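**Q** Submitted below is the structure of interest, expressed as structure tokens.
The values are calculated or read from the model by the stated rules, or taken from the named source; none is laboratory data. Everything numeric in this text was worked out from a predicted model, so none of it was measured. Cβ atoms come from the backbone with ideal geometry, glycine included; neighbour counts cover every protein chain shown. Just so you know, the surface numbers come from the protein's heavy atoms only, side chains and all, with ligands and any DNA or RNA stripped out. Shrake-Rupley method; radii C 1.70, N 1.55, O 1.52, S 1.80 Å.
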Amino acid sequence: VPTRVAGSAEEAARIADELAAPVALKVLSPDVTHKSDVGGVVLDLEGGAAVAAAAERIADNLARSRPDARLDGFTVQPMVDRAGAYELIVGMHRDAQFGAVLMFGEGGTAVELVRDSALALPPLNMKLARDMISRTRIHRRLQGYRDRPAVDLDALAVILLRISQLVVDFPEIDSLDVNPLLADQHGAVAVDARIRLRPGPFEDRLAHLSIRPYPKELEERIALDDGRELLLRPIVPEDEPALDRAFARLDPDEIRQRFLQPMRTLNHIMAARFTQLDYDREMALVLADAGIPGKQDIHAVVRLSADPDNARAEFAIIVLHHLAGRGLGKLLMARILDYARARGIGMVWGVTLHDNQRMRALARSLGFRQRQDPEDPTLVRMELNLDQASGEPAR
């Protein structure tokens, strides 16, 4: 809601006259979390005189109930006419173990009594945001019943995404509270909000997150020799359908060489494992058509999975046969090795079949040393020490 700040009762009255509409007047104090608890909210005020009188009452109420609280002034907002809208809450607090934790649920003045909320760790995507909404009791009502239309749940999910991104981008935020968030079939509007900050600076601006956010800086457009342009980007959970389609295009020998064994299908558990990553421990770059993830085809994948100490990481790569021979395998390997160096990983290794000459040649061109696996003579182990790698081919 558009919000204007007044330093005095007279200024609040002047703002109300300028708005020329019914307004809500609220106390402005850094020491008050719940304004209604101290008589700090008056609704449906019309005209400057009514607003000035209400401001005086609010100041008196605060002095009586919280004599220790500072009065910085008042906020003046036009009344929101959303009859039948649901009162929701979106928030964030810091947990000693998990860092920033997001919260969504039923809001209003009785939020502590209702206790209907769901928690999630940022960053969110649309799937995670919708799941967060669905884990609350109020979700059944938000879908509509009797003569009440359903809430615009997509708009609600987008708001959760924006709050999540705000929390990701600003480690200065110590806590956040949007209550109430009025939601109906037309969307949602924040009626009141509060953010508590903590002092910086912060050496690691992602240290407040348990889950590393999507690394958009790794996105890159790749021009092919036939004039087409593909997008090289980190994999996301929405890519699972596209990964299934890519697997279906592999011939049996490609499957054997990539997965070291015959496979007929890529089951859901494996596909979810490949697409739902903790970017702090794993990275997978896909070469895909530009557009909505999952709806656009994937043509190549390179993966990196680090040990818990982040000293060593295993790689795997596959380029679908229709794009083979264009140097894309070497390009993808170069990008994932650059990423490994930037993360401070010292050793990258992988395993391939002894007869996979194409993979072995690619590894040699990048400086990987190769040796027969001591436990399985059909396998070759490939290793590259990034601390010593010069970029020269190794035998």
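**Q** Hey, rough spin-label estimate for Asp60 and Arg148, points 7 angstrom out along Cα→Cβ, what's it come to in nanometres?
**A** It is 3.7 nm.
**Q** Using the Karplus curve 6.51 cos²θ - 1.76 cosθ + 1.60 with θ = phi - 60°, work out ³J(HN,Hα) for each residue of segment 143-148 in order, rounded to whole Hz, and write x for Gly and Pro.
**A** 7, x, 7, 6, 9, 9
**Q** Using each residue's phi in segment 198-207, evaluate 6.51 cos²θ - 1.76 cosθ + 1.60 at θ = phi - 60° and report the 3J(HN,Hα) Karplus result to the nearest Hz, with x for Gly and Pro.
**A** Listing the rounded values in order: 10, x, x, x, 10, 5, 10, 7, 10, 5 Hz.
**Q** As a test of the formula, what do you get for the chain when each DSSP H run with n ≥ 4 contributes -39,500 (n - 2.57) and the sum is divided by the residue count, at 222 nm and rounded to the nearest 500 deg cm²/dmol?
**A** -8500 deg cm²/dmol
**Q** Using θ = phi - 60° and the Karplus relation 6.51 cos²θ - 1.76 cosθ + 1.60, list the HN-Hα couplings for segment 296-311 in order, rounded to whole Hz, with x at every Gly or Pro.
**A** 9, 6, 9, 10, 7, 9, 10, 10, 9, 10, 8, 5, x, 8, 6, 8
**Q** Match the structure shown to one of the listed values (1) 195; (2) 166; (3) 141 of volume of the Cα convex hull per residue in Å³, computed from it, and give that label.
**A** Recomputing volume of the Cα convex hull per residue in Å³ here gives the entry labelled (1).
**Q** Could you tell me whether segment 60-171 comes out rounded, prolate or oblate from its Cα gyration tensor? Rule is a ≥ b ≥ c as square roots of the eigenvalues, rounded for a/c under 1.5, then prolate if a/b exceeds b/c, otherwise oblate.
**A** Oblate shape, in that a/c is at least 1.5 and b/c is the bigger or equal ratio.
**Q** Could I ask something else about it? First check a/c for segment 6-101, with a ≥ b ≥ c the square roots of the eigenvalues of its C-alpha gyration tensor; if it is under 1.5, answer rounded, and if not, answer prolate when a/b is larger than b/c or oblate otherwise.
**A** It is oblate, given that a/c is not under 1.5 and a/b is not larger than b/c.
**Q** Follow-up question, since we're still on this one. List the aspartates and glutamates whose alpha-carbon lies under 13 Å from that of Lys127, not counting same-chain residues fewer than 8 positions away?
**A** Asp154, Glu238, Asp239, Glu240
**Q** Write down the accessible area per residue of the chain in Å², having rolled a 1.4 Å probe over the full set of protein chains.
**A** The answer is 52 Å² per residue.
**Q** Right, here's the next one. Treating cross-link reach as a plain straight distance, find the aspartates and glutamates whose alpha-carbon is under 15 Å from the alpha-carbon of Lys26, omitting any fewer than eight places away in the same chain.
**A** Correct list for Lys26: Glu10, Glu11, Asp37, Asp44, Glu46, Glu56, Asp60, Asp72, Asp192.
**Q** Something else: Rounding to the nearest 10 and keeping the result within 0 to 90°, find how far the Cα-based axis of helix 48-65 lies from the longest principal axis of the chain.
**A** 80
**Q** Extending each Cα 7 Å along its Cβ direction at Leu206 and Glu254, get the distance between those two points in nm, one decimal.
**A** It is 3.1 nm.
**Q** Test of the criteria: in segment 94-154, which trypsin sites (Lys or Arg not before Pro) are in a DSSP loop and have at most 16 other Cβ atoms within 10 angstrom of their Cβ?
**A** Arg115, Arg135, Arg137, Arg146
**Q** Something else: Hey, what did segment 137-295 get for relative contact order, percent, Cα under 8 Å, at least 6 apart?
**A** Rounded, it is 19 percent for segment 137-295.
**Q** Of Pro241, Pro30, Pro171, which is the most mobile in a GNM of the chain whose springs link Cα atoms less than 10 angstrom apart?
**A** Pro30
**Q** Over segment 105-229, what lengths in whole Å, largest first, do the semi-axes of the equivalent ellipsoid take, defined as the square roots of 5 times the eigenvalues of the alpha-carbon gyration tensor?
**A** Three semi-axes, in Å: 31, 23, 12.
**Q** Could you give the angle, 0 to 90 degrees to the nearest 10, between helix 328-342's Cα long axis and the longest principal axis of the Cα atoms of the chain?
**A** 60
**Q** Which angle from 0 to 90°, rounded to the nearest 10, does the C-alpha axis of helix 153-169 make with the longest principal axis of the chain?
**A** Once rounded, one gets 80 degrees.
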